[in-house]
């Protein structure tokens, strides 16, 4: 028997109390924060922005369209949500969408209450940040700056208390790694521990921010996100020369270039009124993408790929949006259409570049770098017009451009005749929709374009950096927060869209974003603000109760505890051993690599460097896209094929095996041992204690020291029986052992040092 509509509604109303299971009253539901995320997860795939994928002509992402359909008010959607019939129940089983009972209950609750949907229903991230009022807190004395009030207010609402301040040594180690990528020295530790002045920590932070190590460390994150590499990628993976851009990056960050200028030079340094050689080099940021040189490739296809890569990278780094989705169709979740994508595409579609790369070397446009770089004369600092791209057909009938030599760097340069831009059906280069020629434009949902802005990359930069832009400042600040706490205020730092996670502290995120703009985009000021906060200075020790309730520490009831980056792990081992060569800039270097790895993939030969090049910081390690440095990849480095702003750090047995046996780490252990043998310390306990402190920034406990001493005595006895084995250990690595030292003793200390370098604390900041 089929029930009349009124009876269906009665059945639903009768069962509603059980279905809701104690949720808040309907009036308490926030559409933007609670209802739309559920609609997005479960409904937008079939009833969202993408017109081509839309089922039943029903839109649930648009307020007017949703109400016009009638399903929100006539009981149809309510019926589908509560039906037990698999043919009627939504979402249908074949959609592969799972609607959790509590989320289904939310939608039922919302519909039952009248489907309240505010007129201004913009996703939170598409609303320009407004500077919030600082929240009131009970424990006024705990806060050191404004950040703390937002964190404490949330903790107090939960009935939680923040942790005590971290031990001084731990705190200095944490902030030194965070700001420089290296551990503090023993002298720095002792000076800090002996400084009882109230501003000792702030002075330490200022010292670290002024260090050249700071600029290198910050540059590394930008390099990775910008997909910097020393080869083109794809099958041929030809050589390229982009290290000059890396030099520019380090200098810009060391000079604390305002972020708005920093971005503008990289996006449009070739178009600026005050353009020069340095602003031109900055545009190499947009040439870090992969370039195909494979015979038989179609140049027009790859020009499209390069331009699309720039759009997608901009979307990830500055907008925190998955623009890639809208390349082939209207975005399924966010209000970004395919037309929006190709309108952004038009900003980058006038670069004078070839679709196919050369056999080896830089692909045009490129400019020659003076030998005096980066200390250029006034004449050398002037803007250089790149030579026109010349393409010739070689014997294999492949049109290739003339390559740039090692003394060149790839840059941006506009074509004399603009290249037309059309929407590409399904994103295919050979299927343009020529019914409309697209002009450069930005998605309307992300703010108004001002008439005074030029319709080029300068205008695009102005749009990105407009104080009222809803995303750029938020996205950038969120990545800074992620750097220090392991997780951003928005966990999905690559996705602020409807499918991204909601911010854990939305008011704090907006305050930081507006503060960033208020301080004239001063990066060092924002770094200092975060690391001098009470929340950052907390002990990382957490109660079992807190860990159970908040395993990711999103509420920040305790300090951050995170594993070091792959680069910092290697650099710290070299640094504590005294091997690290702290030369800044220059071409990439080729340190130790397992034999024949390149040859197995690309039939190329890896020619290892010698001397000091083996011991440069990891940011200078030669990066081949098809065969990235295996140690870095084992330790969770991003491959740099595309823009990545969030990586998952793991701990695995393979990592431990690498750190115990890799040449770099064994050699570092050798020289850490040699270093402590040459100190004033005389007893094994003193020497081992010194090595332990160099690596972990603390004294070993009596039990730890006892175990390490037992290991040392075992190794010493064993090597006395097998002196050749000791000598063999000391041959690992290129740097020669000090012949004045006893080989048996040195080898014994080296194995103890290897153990210390493999401790959990050696690869953790706390």
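Quick notes on this one:
- Condition met for residue 384 (in contact with a strand residue (DSSP E or B) (Cβ under 6 Å, 6 or more places away or on another chain) and either outside the structural domain of residue 353 (by TED's automatic domain parsing) or more than 26 Å from residue 312 (Cα to Cα) (or both)): yes
- Verdict on residue 117 being touching a helix residue (DSSP H, G or I) at 6+ places or on another chain (Cβ under 7 Å), over 25 Å from residue 513 (Cα atoms) and in a loop (DSSP other than H, G, I, E, B): yes
- Residue that is under 20 Å from residue 310 (Cα atoms) and either buried (at least 19 other Cβ atoms within 10 Å of the Cβ) or in contact (Cβ under 8 Å) with a residue 40 or more places away in the chain (or both), where the choices are 427, 404: 427
The rows are residues; the columns are (1) outside any loop (DSSP other than H, G, I, E, B); (2) out of contact with any helix residue (DSSP H, G or I) (no Cβ under 7 Å at 6 or more places or on another chain); (3) modelled with pLDDT of 95 or more.
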| position | (1), (2), (3) |
| --- | --- |
| 591 | no, no, yes |
| 598 | yes, yes, no |
| 606 | no, no, no |
| 612 | yes, yes, yes |
| 680 | no, yes, no |
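- Residue match in segment 481-496 (condition: touching a residue at least 40 places away in the same chain (Cβ under 8 Å), in contact with a strand residue (DSSP E or B) (Cβ under 9 Å, 6 or more places away or on another chain) and not in a strand (DSSP E or B)): yes
- Residues satisfying the stated conditions in segment 620-649, i.e. surrounded by fewer than 19 Cβ atoms within 10 Å (Cβ to Cβ) and in contact with a strand residue (DSSP E or B) (Cβ under 8 Å, 6 or more places away or on another chain): 625, 626, 649
- Verdict on residue 654 being touching a residue at least 12 places away in the same chain (Cβ under 8 Å), part of a loop (DSSP other than H, G, I, E, B) and more than 24 Å from residue 578 (Cα to Cα): no
- Test for residue 497: is it assigned by TED's automatic domain parsing to the domain that holds residue 285 and surrounded by 15 or more Cβ atoms within 10 Å (Cβ to Cβ): no
- If the condition is being free of Cβ contacts under 8 Å to residues at least 12 places away in the same chain and surrounded by fewer than 18 Cβ atoms within 10 Å (Cβ to Cβ), then segment 32-56 contributes 55, 56.
- Annotation: of all residues in segment 223-253 being in contact with a helix residue (DSSP H, G or I) (Cβ under 9 Å, 6 or more places away or on another chain) and at pLDDT below 95, the one that is surrounded by the fewest Cβ atoms within 10 Å (Cβ to Cβ) is 235.
- One residue stands out among those in segment 167-209 that are out of contact with any helix residue (DSSP H, G or I) (no Cβ under 7 Å at 6 or more places or on another chain) and not in a helix (DSSP H, G or I): the one that is nearest to residue 543 (Cα to Cα), which is 167.
- Some residue of segment 399-409 being over 30 Å from the mean Cα position of the chain (by Cα), over 22 Å from residue 285 (Cα atoms) and in a loop (DSSP other than H, G, I, E, B): no
- Residue 225 closer than 17 Å to residue 484 by Cβ, free of Cβ contacts under 8 Å to residues at least 40 places away in the same chain and not assigned by TED's automatic domain parsing to the domain that holds residue 644: no
- If the condition is being buried (at least 17 other Cβ atoms within 10 Å of the Cβ) and within 18 Å of residue 503 (Cα to Cα), then segment 539-553 contributes 550, 553.
- Filter result for residue 452 (surrounded by fewer than 13 Cβ atoms within 10 Å (Cβ to Cβ), without any contact (Cβ under 8 Å) to a residue 12 or more places away in the chain and farther than 15 Å from residue 349 by Cα): yes
- When the criteria are applied in full, residue 574 fails the requirement of being assigned to a loop (DSSP other than H, G, I, E, B), in contact with a helix residue (DSSP H, G or I) (Cβ under 9 Å, 6 or more places away or on another chain) and closer than 22 Å to residue 677 by Cβ.
- Subset of segment 337-353 [out of contact with any helix residue (DSSP H, G or I) (no Cβ under 6 Å at 6 or more places or on another chain) and in a loop (DSSP other than H, G, I, E, B)]: 337, 350, 352, 353
- Segment 650-685, residues that are under 17 Å from residue 566 (Cβ atoms) and surrounded by 14 or more Cβ atoms within 10 Å (Cβ to Cβ): 655, 658, 659, 660, 662, 663, 664, 665, 668
The values are calculated or read from the model by the stated rules, or taken from the named source; none is laboratory data. The model shown is predicted, which means the values in this text are computed figures rather than measured ones. We place every Cβ from the backbone using ideal geometry, glycine too, and count neighbours over all the protein chains shown.
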